[in-house]
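First comes the structure, then the notes that go with it.
Laboratory data are not the source of any read-out in this text; all were calculated from the coordinates shown. Just so it is clear, the structure is predicted and the values come from calculations on it, not from any experiment. Heads up, the Cβs are rebuilt from the backbone with ideal geometry, glycines too, and the neighbour counts pull from every protein chain shown.
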Amino acid sequence: MSHYCLTPDRLERVDSWGMNRTSLAYVFRPTTAELMAEVFKIAKNNGKSVGLRGAGYSYGDASMNSENILLDLSRMNRIIDWNPETGLISVEPGVTIRQLWQYCIEDGWWPPVVSGTMFVTLGGAAGMNIHGKNNFKAGPIGNHITEFELLTPTGETVVCSRSKNSELFHAAIGGFGMLGVFTRITLQLKKIYSGQLSVEAFATKSFGEIIERFNEREADADYLVGWIDCFATGSELGRGLVHQANYLPAGADPNPAQTLRVKNQELPDTLMGIFPKSSMWRLLQPFSNNLGMKAINYAKYLQGSTIGNNEVVKQAHAQFAFLLDYVPNWKYAYKPGGLVQFQSFVPYDCAEKVFSEQIRLSHKLGIVPYLGVFKRHRPDAFLMTHAVDGFSFALDYPVTQQNKDGLTTLTQIMTRLVLDSGGRHYFAKDSQLTAEAASEYLGKEALAKFTALKSATDPDHLLQTDLSKRLFNAFL
Amino acid sequence: MNISGKKCLVVGASSGIGAEVARQLAGHGCQVALVSRRESELVDLAADINRVAGRSLASVYPADVTDFAAAPKVIQQVIDDFGGIDIVVYSSGIMPKVGLEEYNTALDISIIEVNVLGAIAWLNPLADRFTKARAGVIVGIGSVAGDRGRRGTPVYNASKAALATYLEALRNRLSQHDVSVITIKPGFIKTPMTAGLHFPLPAGTAHGTAADIIKAIESGAGVAYTPRYWRWVMLIVQHLPSAIMRKLKF
């Protein structure tokens, strides 16, 4: 018998990672599947819904469930099984990517797909089917999940793989926590022969050029990521910097035992050995305005296009992969309004036109994104996929009292451009889509299949989030 | 604070300042939950608010503010219906006529129950909730009568003094959690509660008082006198020697 019950003491403030939404929810942090099942019973008996939350790194409302129950999985963080010979690992859903790489790297294995931050959980990563800078080559994380156990709100545990309950396997991965809770995830890791990557950086002068360079390089690159200076306009619109990284082949690293050590991967905790990084966001805050960010973007482009342009260096995996962790709590520079990330996925042929227009529109409406990140993608087999054969462009917009309405207008116009090009969106980042837009890009067929699976695994519709209510309230 | 679209609970909404605050909050696009014993007045008020707004902004929650055990349940119902509460205004208050030589304990207890204990019963659960949310606004309608004890209305004076001190303590406790607690101190206001009273100074209206309350919420004021000149009147009154207070005949 547990001590679980629904009382106001359970209420906690829960924010979106982008700090633009806030809510109160009854938060439970179970440590076993049995306790999770009990939370579902409590929800059903009290007429509440249950949202799932990992580390809470979704930018919008995907891991929020206002005035209802949130099942926070961060305490389900045990590594269940690890085979250093095959690289197959089974984990609980609250294990973070940080835990995962730190646990395995000394055996010569690396997570095959990682996000820009190492603090997301594997449960959240699977639920959103995250991608990395290697999506064009490795696909999303779901491609590397070999099997999982799913606890459904009815209390049943279903084992899914590509050969067993395949339809549910391809829907629960990327199913934004609507079909059940992952209680065990088995993942095939990537064999590496060095703790370092070979990294080349080079500047590009326009969207056209960055697409061309990605095209030239994608066959030989393991990772490709572009940064775009969103303040540049006219003939320089779309200028930026590209980083290409490649794994080192066996034998290339003279001392892999050294480079594979966790301590040789860790991000520096000071800037230039002096300023503690934990306080760096305070230094950023005075620049968190159009003028300051224009200067920072310009300086970054100038530095990247002169010093170090076309240079190849060795860089630790963690240092290359987790760019968002270099300045802890950098998002606080966006206080008090927070930020909205608008990430769209656009087919190859339309990408240059759509992304150029997004930047032009941003300037026209006077709301310029402070950061733009460009990546190459390929389609995958998952039902609620966000991927296309094309490119994605992620834009970080500051939210202020003055620009709120304009930002809504801007994102609506940009969404129209994306949908008209056959593009898609990503629930881990979204806070702006409308129900009509989500239905349009997902398509009737996929939604019908997803709804049928939802009815089978969650007949009482207990699993909901603020995002699911915003986009799918009518049928999920 | 921009109050547009906020979710509000107005306790004591059936008439006077409470009803006018509800109307003006709705005028700013807020959802308003109307609480009072008098259901038919609430229904009429909600219908009027919704008609003016052209959409459903006001909802009715009949409750007796002295049914202290009911308060958390009604609050929860509003939260379930609105999806939360951002602002609460406790406007319930009574000021029964008391003779200069009258000592009616039952009547005095009823004043304390509505003006003080009711406020505690309705505001405590929301203070707890706003602390967790690290956001929210609590407004209590006190009175200039709480600033000094006068011979005419001892327990009414005491009740408004108690309410003001309770709200001050909440303000000191909750400011660190980004919760605003506002004490409104109306002077002479023409409302159903003060009907038949003679005012020695120009009296304000419920409409003007509600407008001042909205301004106080927007500005995050701690204590707001309304009409504003009462701040200066009460500055003088607060400093009057007791010997003079004893001579005053109201």
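What GluC sites (Glu not before Pro) in region B:80-140 are in a loop by DSSP, with at most 11 other Cβ atoms within 10 Å of the Cβ? Sparse-neighbourhood loop GluC sites (Glu not before Pro): B:GLU101, B:GLU102. Relative to the current alpha-carbon distance between A:ASN290 and A:VAL313, full extension at 0.36 nm per residue lengthens the span by 5.0 nm.
Highest mobility in the GNM of chain B, judged by mean-square fluctuation with C-alpha springs under 10 Å and restricted to B:ASN157, B:ASN172, B:ASN115, is found for B:ASN172. For the pair region A:111-182 and region A:1-80, the centres of their Cα atoms are 19 angstrom apart. What is the Cα centroid distance between region A:265-323 and region A:379-434, reported in whole angstrom? Measuring centre to centre over Cα atoms gives 26 Å.
Dividing the mean sequence gap of close Cα pairs (under 8 Å, 6+ apart) by how many residues chain B holds gives a relative contact order of 19 percent. Secondary-structure-derived ellipticity at 222 nm for chain A, considering helices only, amounts to -9000 deg cm²/dmol, per-run term -39500 (n - 2.57) for DSSP H runs with n ≥ 4.
Using the rule -39500 (n - 2.57) for each DSSP H run of four or more residues, divided by the residues of chain B, the 222 nm mean residue ellipticity is -14500 deg cm²/dmol. When both region A:437-476 and region B:214-234 are represented by their alpha-carbon centers, they are found 50 Å apart. Using the Stokes-Einstein relation with a Kirkwood hydrodynamic radius computed over Cα pairs, the translational diffusion coefficient of region A:79-191 at 4 °C and a viscosity of 1.567 mPa s comes to 94 µm²/s.
One way to sum up the overall shape of chain A is the equivalent ellipsoid from its Cα gyration tensor, whose semi-axes run 34, 27, 22 Å, largest first. Each Cα pair under 8 Å and six or more residues apart adds its sequence gap; the mean of these over the residue count of chain A is a relative contact order of 18 percent.
Straight-line cross-link partners of A:LYS375 among the lysines, defined as a Cα under 20 Å from its Cα and at least 8 positions apart when in the same chain: A:LYS133, A:LYS137, A:LYS205, A:LYS300, A:LYS353, A:LYS429. Each Lys and Arg Cβ is given +1 and each Asp and Glu Cβ -1; about its Cα centre, the protein assembly as shown then shows a dipole of about 2080 debye. Cβ under 10 Å from B:THR131's Cβ, B:THR131 left aside: what net charge do those residues give with Lys, Arg +1 and Asp, Glu -1? Overall, the nearby charge balance is +3. For the set A:LYS44/A:LYS335; A:LYS190/A:LYS263; A:LYS191/A:LYS294, the pairs lying more than 30 angstrom apart at their alpha carbons are A:LYS44/A:LYS335; A:LYS191/A:LYS294.
Of all the C-alpha pairs in chain B, what % are more than 25 Å from each other?
40 percent
Karplus-derived 3J(HN,Hα) values for region B:91-99, using 6.51 cos²θ - 1.76 cosθ + 1.60 with θ = phi - 60°, are 10, 5, x, 10, 9, x, 5, 10, x Hz; glycine and proline are entered as x. Near the amide H of A:LEU52, within less than 5 Å, lie the amide hydrogens of A:LEU71, all on another chain or at least 5 residues away, with H placed in the peptide plane. The dipole here belongs to region A:239-398: it is taken about the Cα centre, uses +1 on the Cβ of Lys and Arg and -1 on the Cβ of Asp and Glu, and is about 420 debye. Annotation note: GluC sites (Glu not before Pro) in region A:268-374 located in DSSP loop regions with a Cβ neighbour count of at most 13 within 10 Å are A:GLU311.
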